[in-house]
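The values are calculated or read from the model by the stated rules, or taken from the named source; none is laboratory data. Worth saying up front: this structure is predicted, and the values here are computed from it rather than measured. Neighbour counts are summed over all protein chains in view; Cβ atoms, including those assigned to glycine, are modelled from backbone coordinates with ideal geometry.
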Amino acid sequence: MKRLVINTIEKKSHINKEIYGHFSEHLGRCIYEGLYVGENSDIPNVNGMRTDVVEALKKIRIPVLRWPGGCFADEYHWKDGIGPKETRKKMINTHWGGVVEDNSFGTHEFMELCRQLGCETYVNMNVGSGSVQEMSEWVEYLTFKGVSPMADLRKKNGHEEPWDVNFIGVGNENWGCGGNMRPEHYANEYRRYSTYCRNYTDKKMYKIMGGPNVDDYNWTETTMKTIGKSGTYPADLISGISLHYYVHPGGWENKGSALDFDRDEYYETIRKAYYMDELITRHGDIINQYDPEKRIGLIVDEWGTWYRVEPGTNPGFLYQQNTMRDAIVAGVTLNIFNQHSDRVQMANIAQLVNVLQAVILTDGADMLLTPTYHVFDMFKDHQDAELLASYIENEVIGTEKEKVPEISQSASIAEDGSITITLVNASDDKDETIDVIPVEYNAKEVKASILTGEMHDHNDFTNKEKVKLADYTDFKLESNGHITVKLPAMSVVSLKVC
């Protein structure tokens, strides 16, 4: 039996609800069919947004949604996506599949989607092929209440009042698809663009600087040094810096299959998921040199698994299946974010529907929930709770080739005093029993849920509930206040303690 000690007195940091955020790009069937079907569709919808998907996302309390990209953001010109739909410009989506983008889903549609979801908005601006004027006018169109050309245009297009925009991304992957820039150049461009990203309300605009790709520590060092002004960071210039990291079993050039993999590849995937901890730590150490007060958030706004596309699908649509392996990756990663919530202020899994590690898959009018969806459902009570100090006795498991920690965990306490504990057993063949010790806490009631299965188990449109969330009872609240819980192999378990 292993011990998990939770110090319920030591609150380490606040877990922003935005850590459980999502990402929607004009890529494949994420927007069109996945989220938006149009007002005239036979698929049930409200103002074009498909009802079944919206209701499923509301259940997991989606806190924030990023849009329109991704690589697409730096070729997106927002004025093409406003006004009467029959007059909107059409374009070729050169990044994703070479299909026609008709711009029927634009600014008004995105803000309507977020209204229905009840979530915050994260709009990524075009730096790679756009201008400072274009970005400045979009911010004005979105947020200015007074008399101005862009506010008048918004009103003409049917929205009298401005919207509440919570986060602004100033460019995306500008080291790559967003312009192939060097860090010094991008940082200076960021300073210029951010200056003209005006605050039109009393609320400070949360501006996010495009950060590094995986372990490009030089990008972090150089941009942080360049963006600073005499060693300080003007609050009106920067609020966060992004980080992108995808798990590629087999490497970027030889991505593995979502469904056809062996034990070595399984453990390679989990090992690469755990690498997120090192990335956050090392990039965080660099940021700390310039921002010791931790005012600037690390925004992991693209993360997840990235495999080869499913056979027979458009290679540019990035459609992949989602197994218990992906659920383990999600659980491990979200626990890491919780443990680093002093620096990580937001994260956005890629992507929401039908793309990469999606939480929902659709097939025409049909839809299903993936194992990753259920993990977000299990972890949702961590949102806006306080991280508790915790320690678990652990061991290294795996194959001769690949080794990983067996158990991942985090614990938080909510305003009402309830504690949420999330546990992940990454072993494919070994059950484990955990003695959970909540120090200085008088537990009276425990409820639990579980997600478990074989590593290849997944949901498809012939069996949509092969992997599903279930109530769990294989635990015991002991007389001494300890909680003894069994973790089956390949499982994610959530405990709610009151």
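Things worth noting here:
- Residue match in the range 314-322 (condition: surrounded by 24 or more Cβ atoms within 10 Å (Cβ to Cβ), under 23 Å from Lys58 (Cβ atoms) and not basic (Lys, Arg)): yes
- Every residue from the range 134-189 that is part of a loop (DSSP other than H, G, I, E, B), aliphatic (A, V, I, L, M) and within 30 Å of Asp216 (Cβ to Cβ): Val165, Met181
- Of all residues making up the range 259-284, the number that are surrounded by 14 or more Cβ atoms within 10 Å (Cβ to Cβ), closer than 30 Å to Ala489 by Cα and out of contact with any helix residue (DSSP H, G or I) (no Cβ under 8 Å at 6 or more places or on another chain): 10
Conditions (1) without any contact (Cβ under 8 Å) to a residue 60 or more places away in the chain; (2) outside any helix (DSSP H, G or I); (3) crowded, with 24+ Cβ neighbours inside 10 Å; (4) hydroxyl-bearing (Ser, Thr, Tyr), marked per residue:
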residue: Ile286; (1), (2), (3), (4): no, no, no, no
residue: Gln289; (1), (2), (3), (4): no, no, no, no
residue: Glu293; (1), (2), (3), (4): yes, yes, no, no
residue: Glu310; (1), (2), (3), (4): yes, yes, no, no
residue: Arg325; (1), (2), (3), (4): no, no, yes, no
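- Among the residues of the range 3-20, some residue qualifies, meaning at least one is assigned to a loop (DSSP other than H, G, I, E, B) and more than 28 Å from Met367 (Cβ to Cβ).
- Residue within the range 374-392 that is among the β-branched types (Val, Ile, Thr), buried (at least 24 other Cβ atoms within 10 Å of the Cβ) and at pLDDT 95 or above present: yes
- Strands (runs of 3 or more DSSP E) lying entirely in the range 390-498 (those with 1 or more residues that are within 30 Å of Pro249 (Cα to Cα)): 396-398, 403-405, 407-413, 419-425, 432-439, 446-452, 470-472, 483-487, 491-497
- When we screen Leu57, Leu113, Leu65 for residues that are touching an Asp or Glu at 6+ places or on another chain (Cβ under 8 Å), surrounded by 19 or more Cβ atoms within 10 Å (Cβ to Cβ) and assigned by TED's automatic domain parsing to the domain that holds Met346, the only hit is Leu65.
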